[in-house]
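One structure is given below, encoded as structure tokens.
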């Protein structure tokens, strides 16, 4: 699955997993909200970064997207993540792709 950066005109016509960050106090970035308005039909899962200093709000953008679009949370990772986070993400994507 290739990585694609979101821009204002992007339309995805195949299944995808969204990786995003959490902004402010557990919010989904506005650009991501706009993107999902156009592209949510093919969304199969979401992964989000965050900062554990926010406690229950850690990676909250994944929670919000998961709830709104009824897709699984693939993973949450702190800041840029670790090698273990990357491996976990890849494994979860493989699981989703085979179902």
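Please go through (1) over 15 Å from residue 67 (Cα atoms); (2) surrounded by fewer than 13 Cβ atoms within 10 Å (Cβ to Cβ) for residue 29 and return the number of the only condition it doesn't satisfy. Every condition holds for residue 29 apart from (2). On inspection, residue 43 fails the criterion of being modelled with pLDDT of 95 or more and farther than 17 Å from residue 89 by Cβ. Scanning region 44-74 for residues that are buried (at least 20 other Cβ atoms within 10 Å of the Cβ) and closer than 20 Å to residue 12 by Cβ turns up 45, 46, 47, 48, 61, 62, 65, 74.
The values are calculated or read from the model by the stated rules, or taken from the named source; none is laboratory data. Worth saying up front: this structure is predicted, and the values here are computed from it rather than measured. Every residue, glycine as well, gets a Cβ built from its backbone with ideal geometry; the counts of neighbours run over all protein chains shown.
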